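The values are calculated or read from the model by the stated rules, or taken from the named source; none is laboratory data. In this text the structure is predicted, and so the values were computed from the model without any measurement. So basically every Cβ, Gly included, is an ideal-geometry build from the backbone, and we count neighbours across all protein chains shown. Just the protein is used for accessible areas: all its heavy atoms, side chains included, with ligands, DNA and RNA removed. Shrake-Rupley method; radii C 1.70, N 1.55, O 1.52, S 1.80 Å.
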Amino acid sequence: MSFYPHRFMPVALSLARRNLGQTWPNPSVGAVVVKNGRIIAEGWTAKGGRPHAETEALAQAGMATRGATLYVTLEPCAHHGKTPPCAEAIINAGIARCVVACRDPNPEATGGIARLQQAGIEVVEGICREEAKEINRGFFSVIEKKRPFIALKIATSLDGKISRAEARLREGGWITGEFARAYGHLLRSRFDAIATGIGTVLADDPLLTCRLPGLEDRSPVRVVFDRQRRLPEDSRLAMTAKDVPLWETALPVEEAVTWLAEKGITRLLVEAGQKLSSAFLHSGLVDRIYWFRSPMVIGEGGLPAFGEGVSLVRRRRREIRSLGEDTLETYERSDPALNAG
């Protein structure tokens, strides 16, 4: 039997990314069934977390699963939850070999690999492990840290300002251009929830939805940090709450992220003004920063992106890309124990 683990696991990983931001509280998993050196079926976790990727792929393959190889990005579950164990479905399908990228960190669901091995199925682990863990970084974070994976999105001028001096902003009042704004909407579609502060709501009346053509149904849950319950009933957030979920919290940042994890949120995008962005950075909870930089200079009168005492010195730059006239720099926290970014 032909066996090309590094050829087929990347396909499963691409399938796992397909519904990223839509499967919470479950992980986003991809699976492919391979027989005689070719893919005969594909599956990925559906919106809402079920059906699972493995059962979707097995159902698509039908009787052809006998003697085939299953590639899956996360260890198949072994427990009885709202659906039967995927491990049992794999065994019953007659799969001969199962290639697993990484183990499930959830103690309630783990054990699938052992169950497959007990049934005589060959199990190969660790192919593209780091890529698979990155896709479900939020799921791992909730299990291991009791909080979501948290990313901060900011858009600034070249001199690090986020607002005012209107004459120097682009048409419509934007700091960044069309390509950067479109990428920002794509980011929204990949996160379970998006958070902002009441100050931003009162000043800008944002929607915080994904408005890319074809992805309008992938808007994240919208979360407003509002300690004094000042959210206007006629705000666009409140008036569209029936279509896109809206949650309010009066909790401090550290307590709020735990509350969100308890509600099932695994990936949180913070898109806020200076005060809330700085609060998240001071908390030491920000795992990633998406920094959109415009070539314009706002100068005096502009509001700095961060408050005093916020430093990004110990963050490593993960990626840099051009988006039209703008630049996106992505930063990762290099020291997990760092409290101020």
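Compactness of the range 214-278 was expressed as the Cα radius of gyration divided by 2.2 N^0.38 Å, which yields 1.16. Considering helices alone, the calculated mean residue ellipticity of the chain at 222 nm is -8000 deg cm²/dmol, with DSSP H runs of length four and up weighted by -39500 (n - 2.57) and normalised per residue. Under a 5 Å amide H cut-off, with hydrogens placed 1.01 Å from N, ARG222 pairs with ILE194, LEU246, TRP247 among residues at least 5 apart or on other chains. Taking every alpha-carbon pair in the chain and binning the separations at 10 Å intervals from zero gives 6, 24, 29, 22, 13, 6, 1, 0 percent. Ligands, DNA and RNA aside, ARG229 has an accessible area near 140 Å² when probed at 1.4 Å. For the range 54-197, the C-alpha radius of gyration divided by 2.2 N^0.38 Å, with N the number of residues, is 1.51. With respect to the chain, whose longest principal axis is taken over its alpha-carbon atoms, helix 274-283 is tilted by about 50°. For the cross-link pairs LYS82/LYS133; LYS153/LYS242; LYS145/LYS275; LYS161/LYS263; LYS47/LYS153; LYS35/LYS146, the ones whose C-alpha atoms lie over 32 Å apart are LYS161/LYS263; LYS35/LYS146.
Classify the range 45-105: rounded, prolate or oblate, from the alpha-carbon gyration tensor (a ≥ b ≥ c, eigenvalue square roots; a/c under 1.5 rounded; otherwise prolate if a/b is larger than b/c)? It is prolate, given that a/c is not under 1.5 and a/b is the larger ratio.
From the C-alpha gyration tensor of the range 220-341, pull out the three semi-axes of the equivalent ellipsoid (sqrt of 5λ each), sorted largest to smallest, in whole Å.
Each semi-axis is the square root of five times an eigenvalue, giving 26, 20, 16 Å.
When the GluC sites (Glu not before Pro) in the range 275-334 are filtered for DSSP coil states and for at most 12 other beta-carbon atoms within 10 Å of their beta-carbon, the remaining sites are GLU300, GLU308.
Exposure check, 1.4 Å probe, all protein chains in place: ARG38 carries approximately 150 Å² of accessible surface.
Projecting the Cα atoms of GLY111, ALA61, LEU13 onto the dipole axis of the range 1-153, where Lys and Arg carry +1 and Asp and Glu carry -1 at the beta carbon, places LEU13 farthest toward the positive end.
Could you please put LYS146, LYS133 in sequence from largest to smallest accessible area, using a 1.4 Å probe?
Values: LYS146 125, LYS133 75 Å².
Descending accessible area places them as LYS146, LYS133.
Dipole magnitude for the chain: computed about the Cα centre from +1 point charges on Lys and Arg Cβ and -1 point charges on Asp and Glu Cβ, it is near 460 debye. Springs join every pair of Cα atoms under 10 Å in this Gaussian network model of the chain, and among TYR290, TYR71, TYR183 the largest mean-square fluctuation is at TYR183.
Ranked from largest to smallest solvent-accessible area, with a 1.4 Å probe on the protein heavy atoms, ILE143, ILE113 come out as ILE143, ILE113.
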